[in-house]
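The values are calculated or read from the model by the stated rules, or taken from the named source; none is laboratory data. Just so it is clear, the model here is predicted, and its values are computed rather than measured. Note that we place each Cβ from the backbone using ideal geometry, even for glycine, and neighbour counts take in every protein chain shown. Areas reflect the complete protein model, heavy atoms only, side chains present, ligands, DNA and RNA absent. Shrake-Rupley method; radii C 1.70, N 1.55, O 1.52, S 1.80 Å.
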Amino acid sequence: MLRWIGISGMLLFAGLHGARADELAVFNAAMEDVAAHNRVAIGYLQNENVDLAVVELDRMKESWSAFAERFGGNRPAPFRDNKLYVTMLVDVPTRIVTAMIMINFGRPDVAKSSLQAIRDEISAMRRESHVEVLADCVLDSHAAMEAFSLYRDKVPDWNEPTTSSDIAAKADAYASAVKRCDAMASESVRANPEFRRLVDGVAASLAFIPKAIAEHDRDLLHRVIIELRSFDNLLAFRYG
(Lines give C-alpha, C1' and ligand atoms only; values in the text may rest on other atoms or scores of the structure.)
Protein backbone atom coordinates (compact mmCIF):
# COMPACT_ATOMS: atom_id res chain seq x y z
CA MET A 1 0.00 0.00 0.00
CA LEU A 2 2.74 2.44 0.95
CA ARG A 3 4.54 1.66 -2.29
CA TRP A 4 1.32 2.32 -4.24
CA ILE A 5 0.83 5.66 -2.45
CA GLY A 6 4.43 6.58 -3.26
CA ILE A 7 3.98 5.74 -6.94
CA SER A 8 0.67 7.62 -7.05
CA GLY A 9 2.32 10.68 -5.52
CA MET A 10 5.09 10.54 -8.07
CA LEU A 11 2.60 10.30 -10.92
CA LEU A 12 0.61 13.19 -9.50
CA PHE A 13 3.75 15.30 -9.19
CA ALA A 14 4.77 14.43 -12.73
CA GLY A 15 1.31 15.36 -13.95
CA LEU A 16 1.38 18.70 -12.15
CA HIS A 17 4.87 19.40 -13.44
CA GLY A 18 3.75 18.61 -16.98
CA ALA A 19 0.68 20.82 -16.61
CA ARG A 20 2.81 23.72 -15.38
CA ALA A 21 5.21 23.26 -18.29
CA ASP A 22 2.29 23.27 -20.72
CA GLU A 23 0.86 26.37 -19.03
CA LEU A 24 4.18 28.18 -19.40
CA ALA A 25 4.41 27.13 -23.05
CA VAL A 26 0.95 28.55 -23.73
CA PHE A 27 1.91 31.72 -21.86
CA ASN A 28 5.09 32.13 -23.90
CA ALA A 29 3.19 31.54 -27.14
CA ALA A 30 0.58 34.16 -26.23
CA MET A 31 3.30 36.62 -25.27
CA GLU A 32 5.16 35.92 -28.51
CA ASP A 33 2.00 36.73 -30.48
CA VAL A 34 1.94 40.16 -28.83
CA ALA A 35 5.68 40.61 -29.37
CA ALA A 36 5.44 39.64 -33.04
CA HIS A 37 2.92 42.42 -33.74
CA ASN A 38 5.10 44.80 -31.73
CA ARG A 39 8.19 43.96 -33.79
CA VAL A 40 6.34 44.47 -37.07
CA ALA A 41 4.87 47.79 -35.89
CA ILE A 42 8.35 48.99 -34.87
CA GLY A 43 9.65 47.98 -38.28
CA TYR A 44 6.93 49.92 -40.07
CA LEU A 45 7.62 52.99 -37.94
CA GLN A 46 11.33 52.64 -38.65
CA ASN A 47 10.50 52.78 -42.36
CA GLU A 48 7.97 55.60 -41.81
CA ASN A 49 5.10 53.41 -43.03
CA VAL A 50 2.66 54.85 -40.53
CA ASP A 51 -0.56 53.45 -41.99
CA LEU A 52 0.62 49.86 -41.76
CA ALA A 53 2.00 50.53 -38.28
CA VAL A 54 -1.48 51.55 -37.14
CA VAL A 55 -2.95 48.34 -38.58
CA GLU A 56 -0.35 46.31 -36.71
CA LEU A 57 -1.01 48.21 -33.48
CA ASP A 58 -4.71 47.35 -33.74
CA ARG A 59 -3.76 43.69 -34.06
CA MET A 60 -1.39 44.06 -31.14
CA LYS A 61 -4.20 45.49 -29.00
CA GLU A 62 -6.38 42.48 -29.81
CA SER A 63 -3.54 40.09 -29.07
CA TRP A 64 -2.80 41.81 -25.76
CA SER A 65 -6.48 41.72 -24.76
CA ALA A 66 -6.53 37.96 -25.36
CA PHE A 67 -3.34 37.57 -23.33
CA ALA A 68 -4.63 39.70 -20.44
CA GLU A 69 -7.93 37.83 -20.36
CA ARG A 70 -6.14 34.50 -20.13
CA PHE A 71 -3.23 35.40 -17.86
CA GLY A 72 -4.11 38.70 -16.17
CA GLY A 73 -5.43 36.99 -13.05
CA ASN A 74 -4.01 33.55 -13.64
CA ARG A 75 -0.23 33.74 -13.74
CA PRO A 76 1.88 30.70 -14.55
CA ALA A 77 3.77 29.43 -11.51
CA PRO A 78 7.14 31.12 -12.26
CA PHE A 79 5.48 34.55 -12.19
CA ARG A 80 3.31 34.16 -9.08
CA ASP A 81 5.51 36.36 -6.88
CA ASN A 82 6.89 38.57 -9.65
CA LYS A 83 6.39 42.20 -8.65
CA LEU A 84 6.96 43.39 -12.22
CA TYR A 85 4.01 41.39 -13.53
CA VAL A 86 1.28 43.80 -12.44
CA THR A 87 3.31 46.75 -13.65
CA MET A 88 3.56 45.08 -17.04
CA LEU A 89 -0.19 44.48 -17.17
CA VAL A 90 -0.76 48.20 -16.64
CA ASP A 91 2.09 49.57 -18.73
CA VAL A 92 1.75 47.56 -21.93
CA PRO A 93 -1.77 48.66 -22.93
CA THR A 94 -0.93 52.20 -21.84
CA ARG A 95 2.14 52.24 -24.07
CA ILE A 96 0.15 50.86 -27.01
CA VAL A 97 -2.36 53.70 -26.66
CA THR A 98 0.51 56.18 -26.27
CA ALA A 99 2.04 54.90 -29.52
CA MET A 100 -1.26 55.43 -31.35
CA ILE A 101 -1.65 58.94 -29.96
CA MET A 102 1.91 59.86 -30.92
CA ILE A 103 1.32 58.61 -34.47
CA ASN A 104 -1.76 60.82 -34.69
CA PHE A 105 0.34 63.74 -33.44
CA GLY A 106 2.87 63.12 -36.19
CA ARG A 107 5.54 61.75 -33.84
CA PRO A 108 6.34 58.24 -35.07
CA ASP A 109 9.72 58.46 -33.34
CA VAL A 110 8.05 58.75 -29.93
CA ALA A 111 5.61 56.00 -30.88
CA LYS A 112 8.52 53.70 -31.73
CA SER A 113 10.18 54.47 -28.40
CA SER A 114 6.97 53.54 -26.60
CA LEU A 115 6.85 50.18 -28.38
CA GLN A 116 10.53 49.50 -27.74
CA ALA A 117 9.87 50.15 -24.05
CA ILE A 118 7.22 47.40 -24.15
CA ARG A 119 9.77 44.94 -25.50
CA ASP A 120 12.26 45.85 -22.77
CA GLU A 121 9.66 45.72 -20.00
CA ILE A 122 8.35 42.29 -20.98
CA SER A 123 11.89 40.97 -21.13
CA ALA A 124 12.72 42.43 -17.71
CA MET A 125 9.60 40.83 -16.25
CA ARG A 126 10.55 37.39 -17.58
CA ARG A 127 14.13 37.70 -16.35
CA GLU A 128 12.88 38.60 -12.88
CA SER A 129 11.37 35.10 -12.76
CA HIS A 130 14.40 33.49 -14.40
CA VAL A 131 12.38 32.68 -17.52
CA GLU A 132 14.24 33.38 -20.74
CA VAL A 133 13.08 32.98 -24.33
CA LEU A 134 14.82 33.60 -27.62
CA ALA A 135 13.59 37.20 -27.78
CA ASP A 136 15.43 38.00 -24.53
CA CYS A 137 18.65 36.51 -25.88
CA VAL A 138 18.29 38.52 -29.08
CA LEU A 139 17.96 41.69 -26.99
CA ASP A 140 21.24 40.77 -25.29
CA SER A 141 22.97 40.16 -28.60
CA HIS A 142 21.64 43.48 -29.90
CA ALA A 143 23.11 45.25 -26.86
CA ALA A 144 26.46 43.55 -27.50
CA MET A 145 26.35 44.70 -31.13
CA GLU A 146 25.58 48.25 -30.04
CA ALA A 147 28.69 48.18 -27.87
CA PHE A 148 30.78 46.85 -30.76
CA SER A 149 29.31 49.50 -33.09
CA LEU A 150 31.39 52.09 -31.25
CA TYR A 151 34.07 51.32 -33.83
CA ARG A 152 31.79 51.96 -36.78
CA ASP A 153 32.45 55.69 -36.52
CA LYS A 154 35.35 55.84 -34.11
CA VAL A 155 38.78 55.64 -35.75
CA PRO A 156 40.78 53.08 -33.75
CA ASP A 157 44.00 54.33 -32.24
CA TRP A 158 46.15 51.35 -33.12
CA ASN A 159 49.03 52.83 -31.15
CA GLU A 160 47.00 52.48 -27.97
CA PRO A 161 47.81 49.07 -26.41
CA THR A 162 44.21 48.42 -25.34
CA THR A 163 42.60 49.13 -28.72
CA SER A 164 43.15 45.70 -30.28
CA SER A 165 42.10 43.84 -27.14
CA ASP A 166 38.98 45.99 -26.78
CA ILE A 167 37.90 45.36 -30.36
CA ALA A 168 38.53 41.63 -29.95
CA ALA A 169 36.63 41.53 -26.64
CA LYS A 170 33.59 43.31 -28.10
CA ALA A 171 33.58 41.02 -31.14
CA ASP A 172 33.84 37.95 -28.91
CA ALA A 173 31.01 39.20 -26.70
CA TYR A 174 28.75 39.57 -29.71
CA ALA A 175 29.79 36.19 -31.11
CA SER A 176 29.03 34.51 -27.76
CA ALA A 177 25.64 36.18 -27.51
CA VAL A 178 24.59 35.07 -31.01
CA LYS A 179 25.86 31.52 -30.39
CA ARG A 180 23.77 31.38 -27.21
CA CYS A 181 20.70 32.50 -29.14
CA ASP A 182 21.35 29.84 -31.76
CA ALA A 183 21.66 27.20 -29.04
CA MET A 184 18.45 28.16 -27.26
CA ALA A 185 16.31 28.56 -30.38
CA SER A 186 13.76 25.84 -31.04
CA GLU A 187 14.54 23.20 -33.65
CA SER A 188 12.09 24.76 -36.08
CA VAL A 189 13.69 28.19 -35.71
CA ARG A 190 17.23 26.81 -36.03
CA ALA A 191 16.19 25.03 -39.21
CA ASN A 192 14.55 28.14 -40.63
CA PRO A 193 16.58 29.31 -43.68
CA GLU A 194 16.26 32.97 -42.69
CA PHE A 195 17.50 32.37 -39.16
CA ARG A 196 20.39 30.23 -40.44
CA ARG A 197 21.37 32.88 -42.97
CA LEU A 198 21.51 35.55 -40.27
CA VAL A 199 23.33 33.51 -37.64
CA ASP A 200 25.79 31.99 -40.11
CA GLY A 201 26.27 35.41 -41.70
CA VAL A 202 27.28 36.83 -38.32
CA ALA A 203 29.86 34.05 -37.88
CA ALA A 204 31.25 34.56 -41.38
CA SER A 205 31.61 38.31 -40.91
CA LEU A 206 33.22 37.98 -37.49
CA ALA A 207 35.87 35.72 -39.02
CA PHE A 208 37.42 38.82 -40.59
CA ILE A 209 37.93 40.64 -37.27
CA PRO A 210 41.30 39.02 -36.42
CA LYS A 211 42.60 40.07 -39.85
CA ALA A 212 41.37 43.65 -39.35
CA ILE A 213 43.10 43.78 -35.96
CA ALA A 214 46.34 42.18 -37.12
CA GLU A 215 46.64 44.50 -40.12
CA HIS A 216 45.26 47.58 -38.35
CA ASP A 217 42.77 47.79 -41.19
CA ARG A 218 40.18 50.37 -40.19
CA ASP A 219 38.30 50.11 -43.52
CA LEU A 220 37.87 46.35 -43.16
CA LEU A 221 36.73 46.76 -39.56
CA HIS A 222 34.21 49.37 -40.65
CA ARG A 223 32.81 47.15 -43.43
CA VAL A 224 32.48 44.16 -41.10
CA ILE A 225 30.62 46.20 -38.48
CA ILE A 226 28.24 47.52 -41.16
CA GLU A 227 27.55 43.93 -42.26
CA LEU A 228 27.09 42.78 -38.67
CA ARG A 229 24.67 45.61 -37.91
CA SER A 230 22.61 44.59 -40.92
CA PHE A 231 22.40 40.99 -39.69
CA ASP A 232 21.76 42.15 -36.13
CA ASN A 233 18.94 44.51 -37.09
CA LEU A 234 17.21 41.72 -39.00
CA LEU A 235 17.60 39.35 -36.04
CA ALA A 236 16.09 41.95 -33.72
CA PHE A 237 13.28 42.70 -36.16
CA ARG A 238 12.37 39.06 -36.70
CA TYR A 239 13.13 37.45 -33.34
CA GLY A 240 13.73 40.16 -30.74
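A few points about this structure:
- Each residue was assigned an accessible area with a 1.4 Å probe, and for Lys154 the value is about 100 Å².
- Segment 34-92 - percent of accessible surface contributed by carbon and sulfur, probe 1.4 Å: 47
- Charges were assigned to the Cβ only: +1 to each Lys and Arg, -1 to each Asp and Glu. The resulting dipole of the chain about its Cα centre is roughly 560 debye.
- Net charge of neighbours whose Cβ lies under 14 Å from the Cβ of Leu235, counting Lys and Arg as +1 and Asp and Glu as -1: +1
- Between the helical axis of 161-184 and the longest alpha-carbon principal axis of the chain there is an angle of about 30 degrees.
- Pairwise centroid distance, computed over Cα atoms, of segment 133-175 with segment 179-194, Å: 22
- Signed unit charges on C-beta, dipole axis of the chain, positive-most listed residue Ser149, Leu221, Ala173: Ala173
- Of Leu45, Leu206, Leu220, the one that fluctuates the most in a GNM where the chain has Cα springs shorter than 10 Å: Leu220
- Among Met184, Met102, Met88, the order of accessible area from largest down is Met184, Met102, Met88, computed with a 1.4 Å probe on protein heavy atoms.
- Pairs beyond 27 Å (Cα-Cα), from Lys112/Lys211; Lys170/Lys211; Lys154/Lys211: Lys112/Lys211
- Crossing angle, helix 50-71 versus the chain [Cα axis fit, 0-90 degrees, rounded to tens]: 40
- Surface analysis of the chain yields an accessible area of 55 Å² per residue, using protein heavy atoms and a 1.4 Å probe.
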